[in-house]
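Visitor: Pasting in a structure now, in structure tokens, and then I'll have a few things to ask.
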2 protein chains.
Amino acid sequence: MTKKKIAVVLAGCGVYDGAEIHESVLTLLAIAQAGADYDIYAPDVDQHHVVNHLTGNEMPEKRNVLIESARIARGHIKPLTELKATKADALMLPGGFGVAKNLCTFAIDGAGCKVNPDIERVIKEFHSSAKPIGALCISPALITKVLGKIEVTIGQDEGTAAGINQMGGTHVKSNHGEIVTDHKNKIVTTPCYMLDANIMQIAEGAKNITEAVIKMI
Amino acid sequence: MTKKKIAVVLAGCGVYDGAEIHESVLTLLAIAQAGADYDIYAPDVDQHHVVNHLTGNEMPEKRNVLIESARIARGHIKPLTELKATKADALMLPGGFGVAKNLCTFAIDGAGCKVNPDIERVIKEFHSSAKPIGALCISPALITKVLGKIEVTIGQDEGTAAGINQMGGTHVKSNHGEIVTDHKNKIVTTPCYMLDANIMQIAEGAKNITEAVIKMI
């Protein structure tokens, strides 16, 4: 039997300006532990900005999302333009501010945000091919912006939940490690570091969402 | 009962010029899952260089080891100058080329390498306080340079093993997930990505070494 293939899209390397590293690594681990394979993709675009993760201040630098994401992927990564729904059985999006700054502009523009055209196309292709999509942390905001009427969770943050409802989605509150499944749209979401979580709770959330996504394939 | 505290030292953020990200995250996870706490430290020094992880080429940039390590630590990190052996029950060093480029110069100078004075002091303090040290991947080369006559593993790479023996250590071959324990010196080592490993094997190695280190406290 061929292994199931999951496409994982990263948004950089670091919680404040890229992909959240723990969520990314623990999603990759959960995919492997569930007996599936992964391919990693990221858009070949400049980051919105670069944040010094020690101080939280912006740094006067430019970094590229694909090149920085390659750090998490150990070099095994492809540009997002190469990802088609035919290339994988499911799509997974770890979180981190990069999702809301580099893949879309939700962190800056809220419900009126713009979406990177490649991730928009990829999300629509997987959805219209009835292939499951798993979104961690803040990523549910991105897929709600693209797909509109879906049911998702980002945990308990009221501002973000309101933004999701404003974009046409339905927000469902959740706690550490819990997943919310929109069976009709084959979408699974989990809050991870959108709650004040520890690394074990991230591992639990990544495991739960990955198993649910793979079961839906 | 107070939780056991493990000091984890990072060497940047990315396998080719910093701390190996999977090894770092999975070590933190293993510590938490073993019921212990961690504090994360890194030296406040420039990286040896910056590597584009997509192409493997050097980039004309400067990055700081503490600031980049803060990405893995989600900002919860302290300068290595603040780490004393009195502050933790054990020391753990994930791998990545940063260990052999930023913490010491083994990747460039081999057995004749220089060692960052803070990590040298820290390793000596933990060793002389009879507090256990766990070293993953290439980190055993660093601790051998500092401590000399110890027994360690970096897996099966003959060049690196020869370097370890040249620095006064004794190299023991090992396979995926295996640990080598020097009981007399309270040192535990495991090969991780010094072998051609997958992410599950890294998780297994990180779990095994962490449990062995904590048992020795």
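The values are calculated or read from the model by the stated rules, or taken from the named source; none is laboratory data. This one's a predicted model, so the numbers in the text were calculated from it and none came from an experiment. Cβ placement follows ideal geometry from the backbone for every residue including glycine, while neighbour counts extend to all protein chains displayed. Note: accessible area is taken over every heavy atom of the protein model, side chains too, but ligands, DNA and RNA are not part of it. Shrake-Rupley method; radii C 1.70, N 1.55, O 1.52, S 1.80 Å.
Visitor: For region B:65-72, what does the Karplus curve 6.51 cos²θ - 1.76 cosθ + 1.60, with θ = phi - 60°, yield as ³J(HN,Hα) per residue in whole Hz, taken in order and with x for Gly and Pro?
Guide: With the stated coefficients, region B:65-72 comes to 4, 5, 5, 6, 4, 4, 5, 5 Hz.
Visitor: With unit charges on the beta carbon (Lys/Arg positive, Asp/Glu negative), name the residue among B:Ser174, B:Ser129, B:Ala212 whose Cα is farthest towards the positive pole of the charge dipole of region B:5-216.
Guide: The listed residue farthest towards the positive side: B:Ser129.
Visitor: Name the residue from A:Asn116, A:Ile138, A:Ile187 whose Cα lies farthest towards the positive end of the charge dipole of chain A, charges +1 on Cβ of Lys and Arg and -1 on Cβ of Asp and Glu.
Guide: It is A:Ile187, whose Cα lies furthest towards the positive end.
Visitor: Taking H placed 1.01 Å from N in the peptide plane, check which residues at least 5 places from B:Thr105 or on another chain put their amide H under 5 Å from its amide H.
Guide: When sequence neighbours closer than 5 places are left aside, the close amide H contacts are B:Lys114.
Visitor: Follow-up. Only counting protein heavy atoms at a 1.4 Å probe, give the residues of region B:172-209, ordered by number, whose accessible area falls by 10 Å² or more when the other protein chains are present relative to the chain alone.
Guide: Hits at the 10 Å² cut-off: B:Tyr193, B:Ile199, B:Met200, B:Ala203.
Visitor: Would you tell me the mean number of C-beta atoms belonging to other protein chains that fall within 10 Å of each C-beta in A:52-65, as a whole number? Don't jump to the answer; show the numbers that get you there.
Guide: On the way: counts 7, 13, 15, 3, 2, 0, 0, 2, 0, 3, 1, 3, 2, 0.
What the average comes to for A:52-65 is 4.
Visitor: Over the protein assembly as shown, with the other protein chains present, what is the accessible area per residue in square angstrom, probe 1.4 angstrom?
Guide: Numbers: 16250 Å² over 434 residues.
Spelled out: the 1.4 Å probe surface of the protein assembly as shown, per residue, equals 37 Å².
Visitor: For peptide B:68-78, how many partner chain Cβ atoms fall within 10 Å of a residue's Cβ, on average? Please list the in-between numbers first.
Guide: Working: counts 6, 2, 9, 16, 8, 4, 10, 9, 2, 2, 1.
Per-residue shielding by partner chains comes out at 6.
Visitor: Between B:His49 and B:Glu61, what is 0.36 nm times their sequence separation minus the Cα-Cα distance? Round to one decimal in nm.
Guide: Values: separation 12, 0.36 × 12 = 4.32 nm, distance 0.75 nm.
Difference between extended and current length: 3.6 nm.
Visitor: Scan region A:1-63 for trypsin sites (Lys or Arg not before Pro) in coil per DSSP, keeping those whose Cβ has at most 14 other Cβ atoms within 10 Å, and list them by number. Could the numbers behind the result be given before it?
Guide: Values: sites: A:Lys3, A:Lys4, A:Lys5, A:Lys62, A:Arg63; in loops: A:Lys3, A:Lys4, A:Lys62, A:Arg63.
Taking region A:1-63 and a limit of 14 other Cβ atoms within 10 Å, the loop trypsin sites (Lys or Arg not before Pro) found are A:Lys3, A:Lys62.
Visitor: How high is the relative contact order of chain B? Use alpha-carbon pairs under 8 Å, at least six apart in sequence, and give a whole percent. It would help to have the intermediate numbers written out before the result.
Guide: Values: 542 pairs, mean separation 44.8, N = 217.
Over chain B, the number comes to 21 percent.
Visitor: Consider a paramagnetic label point 7 Å from the Cα of A:Ser128 along Cα→Cβ; state which residues of region A:73-94 have an amide N under 12 Å from it.
Guide: A:85
Visitor: Name the residues whose placed amide hydrogens come within less than 5 Å of the amide hydrogen of B:Ala11, ignoring near sequence neighbours (fewer than 5 apart) on the same chain.
Guide: Amide H neighbours of B:Ala11, under 5 Å, 5+ apart: B:Ala19.
Visitor: Taking 0.36 nm per intervening residue step and subtracting the Cα-Cα distance, what contour gain separates B:Lys149 from B:Ala111 on full extension? Show your work: numbers first, answer last.
Guide: Numbers: separation 38, 0.36 × 38 = 13.68 nm, distance 1.36 nm.
Additional length available on full extension: 12.3 nm.
Visitor: DSSP beta bridges in the protein assembly as shown, what fraction antiparallel, as a percent rounded to 5?
Guide: Working: 14 of 52 bridges.
About 25 percent, rounded to the nearest 5.
Visitor: From the helices alone, meaning DSSP H stretches of at least four residues, give me the mean residue ellipticity at 222 nm for chain A, per-run term -39500 (n - 2.57), in deg cm²/dmol to the nearest 500. Display every interim value, and only then the final one.
Guide: Numbers: 7 runs with 73 residues, N = 217.
The helix-only estimate for chain A comes to -10000 deg cm²/dmol at 222 nm.
Visitor: While we're looking at this one, here's another question. Going through the cross-link list B:Lys3/B:Lys124; A:Lys5/A:Lys186; B:Lys87/B:Lys114; A:Lys3/A:Lys173; B:Lys3/B:Lys207, which pairs have a Cα-Cα distance over 28 Å in this structure?
Guide: Values: B:Lys3/B:Lys124 24 Å; A:Lys5/A:Lys186 16 Å; B:Lys87/B:Lys114 26 Å; A:Lys3/A:Lys173 33 Å; B:Lys3/B:Lys207 18 Å.
Long pairs (Cα-Cα over 28 Å): A:Lys3/A:Lys173.
Visitor: Let me ask something else about it. Given a 1.4 Å probe and no ligands, DNA or RNA in the count, how much accessible surface is buried by A and B, both sides, to the nearest 100 Å²? Display every interim value, and only then the final one.
Guide: On the way: alone 9730 and 9710 Å², together 16250 Å².
Buried surface at the A/B interface: approximately 3200 Å².
Visitor: Can you figure out the FRET efficiency of A:Glu82 with B:Thr170, using R₀ = 41 Å and their beta-carbon distance, to the nearest 0.05?
Guide: On the way: r = 47 Å, r/R0 = 1.15.
The formula returns an efficiency of 0.30 here.
Visitor: Can you list the residues, at least 5 places off or on another chain, whose amide H is less than 5 Å from the amide H of B:Gly134, using H built in the peptide plane?
Guide: When sequence neighbours closer than 5 places are left aside, the close amide H contacts are B:Leu91, B:Met92, B:Leu93, B:Val188.
Visitor: How many angstrom lie between the C-alpha centres of region B:158-217 and region A:182-217?
Guide: Between the Cα centres of region B:158-217 and region A:182-217 lies a distance of 32 Å.
Visitor: OK, next. Suppose R0 equals 45 Å; then what is the FRET efficiency for B:Ala162 and A:Ala34 from their Cβ-Cβ distance, rounded to the nearest 0.05?
Guide: That pair, B:Ala162 with A:Ala34, gives E of 0.70.
Visitor: Could you state the number of Å between the C-alpha centres of region B:19-44 and region A:21-60?
Guide: When both Cα centres are located, 17 Å separates them.
Visitor: Follow-up. Just to be sure I understand: of the beta bridges DSSP finds with both ends in chain B, what percent are antiparallel, rounded to 5? Present the calculation step by step, with values, prior to reporting the outcome.
Guide: Numbers: 7 of 26 bridges.
DSSP beta bridges in chain B are roughly 25 percent antiparallel.
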